[in-house]
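Quick notes on the structure that follows.
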Amino acid sequence: SQQGEEDPQALSIQEGENATMNCSYKTSINNLQWYRQNSGRGLVHLILIRSNEREKHSGRLRVTLDTSKKSSSLLITASRAADTASYFCATDAGLYSGAGSYQLTFGKGTKLSVIP
Amino acid sequence: DVKVTQSSRYLVKRTGEKVFLECVQDMDHENMFWYRQDPGLGLRLIYFSYDVKMKEKGDIPEGYSVSREKKERFSLILESASTNQTSMYLCASSRLADKTLNEKLFFGSGTQLSVL
């Protein structure tokens, strides 16, 4: 049951440029999260935005959420070579699965390459 | 520093073998998850647990079982490994959340399992 879908699948930019990745989902959510994965490693949480929030910032990251369009975007400003990684959005699809637990569904990710 | 530790980084097993993947977290989290990640398919939830001895099926539980005898440890078991279970396996944990909030996941570094 795929919920979030990232776009584009791959993105290549020069160091210093901004990178924008998008995520679309299908059903109502409580919140949406973005994660980063360096090659062959586990995922690292970047930012969580709740359904009643429209924008959130964390350092060089800016996330927006448009619940009417069921979409979110992740903007990385002034990119660095170290930002090269895959980026995933994850949504809960509003499905409460047990005491204190919502299932998170991940998209297939956007592979970002930042060229020095 | 919070930590989710997976017992093996790389594992090679033969078809038909029983395989145990171990995951330990030191954050006293209630929730623990097992995902598999395959190219082009993203992360898919296999099983999760929100309490000791509790488990729930995810999207792709067939061919797998899990064990949660202690709060900090969540094991994934492949009863009879098959070649289509060759994959990257990711363990994650999160703390208990109320019904309107979801907490971020902390991931282990992953186990790349090859079944020959």
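The values are calculated or read from the model by the stated rules, or taken from the named source; none is laboratory data. Only a predicted model underlies this, so the values are computations on that prediction, with no experimental measurement involved. As a convention, Cβ positions derive from the backbone with ideal geometry for all residues, glycine included, and neighbour counts pool all protein chains shown. Only protein heavy atoms, including side chains, enter the accessible area calculation; ligands, DNA and RNA are left aside. Shrake-Rupley method; radii C 1.70, N 1.55, O 1.52, S 1.80 Å.
In this structure, does B:E79 turn out to be out of contact with any helix residue (DSSP H, G or I) (no Cβ under 6 Å at 6 or more places or on another chain), at the interface with another protein chain (Cβ under 9 Å from one of its Cβ atoms) and not polar (S, T, N, Q)?
Details: out of contact with any helix residue (DSSP H, G or I) (no Cβ under 6 Å at 6 or more places or on another chain): yes; at the interface with another protein chain (Cβ under 9 Å from one of its Cβ atoms): no; not polar (S, T, N, Q): yes.
So B:E79 fails the test.
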(request) For B:V66, indicate whether it is outside any strand (DSSP E or B) and under 28 Å from B:L96 (Cβ atoms). (result) no
(message) Out of everything in segment B:32-63 that is open to solvent by less than 60 Å² (accessible area, probe 1.4 Å) and in a loop (DSSP other than H, G, I, E, B), what residue ends up being nearest to B:E22 (Cα to Cα)?
(response) B:V52
(message) Quick check on B:D26: is it surrounded by fewer than 20 Cβ atoms within 10 Å (Cβ to Cβ) and within 14 Å of chain A (Cβ to nearest Cβ)?
(response) no
(message) With the requirement that a residue be touching a strand residue (DSSP E or B) at 6+ places or on another chain (Cβ under 6 Å), within 7 Å of another protein chain (Cβ to nearest Cβ) and closer than 17 Å to B:S93 by Cβ, what does segment B:30-44 give you?
(response) B:N31, B:L43
(message) Cβ-Cβ distance below 8 Å, separation of 6 or more or different chains: which pairs start in segment B:45-62 with a residue that is within 7 Å of chain A (Cβ to nearest Cβ) and of a type in the set (S, T, Y) and end on one that is open to solvent by 30 Å² or more (accessible area, probe 1.4 Å) and not in a loop (DSSP other than H, G, I, E, B)?
(response) B:Y50/B:E56
(request) Determine, yes or no, whether B:T15 is away from every other protein chain (no Cβ under 12 Å) and buried (at least 16 other Cβ atoms within 10 Å of the Cβ). (result) no
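Residue-by-condition table, conditions (1) assigned to a strand (DSSP E or B); (2) without any contact (Cβ under 8 Å) to a residue 60 or more places away in the chain; (3) away from every other protein chain (no Cβ under 12 Å):
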{"position": "A:E6", "(1), (2), (3)": "yes, no, no"}
{"position": "A:S12", "(1), (2), (3)": "yes, no, yes"}
{"position": "A:T20", "(1), (2), (3)": "yes, yes, yes"}
{"position": "A:T27", "(1), (2), (3)": "no, no, yes"}
{"position": "A:Q33", "(1), (2), (3)": "yes, no, no"}
{"position": "A:H45", "(1), (2), (3)": "yes, yes, no"}
{"position": "A:N52", "(1), (2), (3)": "no, yes, no"}
{"position": "A:K56", "(1), (2), (3)": "yes, yes, yes"}
{"position": "A:T64", "(1), (2), (3)": "yes, yes, yes"}
(message) Tell me the residue from B:R68, B:R36, B:R44 that is closer than 14 Å to B:G110 by Cα and either of a type in the set (V, I, T) or at pLDDT 95 or above (or both), please.
(response) B:R36
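Restricting to segment A:31-44, count the residues that are open to solvent by less than 40 Å² (accessible area, probe 1.4 Å) and under 18 Å from B:S94 (Cβ atoms).
So the first thing to find is which residues in segment A:31-44 are open to solvent by less than 40 Å² (accessible area, probe 1.4 Å), and the list is A:31-35, A:37, A:40, A:42-43.
Restricting the remaining residues to those that are under 18 Å from B:S94 (Cβ atoms) gives A:31-35, A:37, A:42-43.
So the count comes out to 8.
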(request) Only residues that are more than 7 Å from every other protein chain (Cβ to nearest Cβ) and modelled with pLDDT under 80: list them for segment A:92-116, please. (result) A:A93, A:G94, A:L95
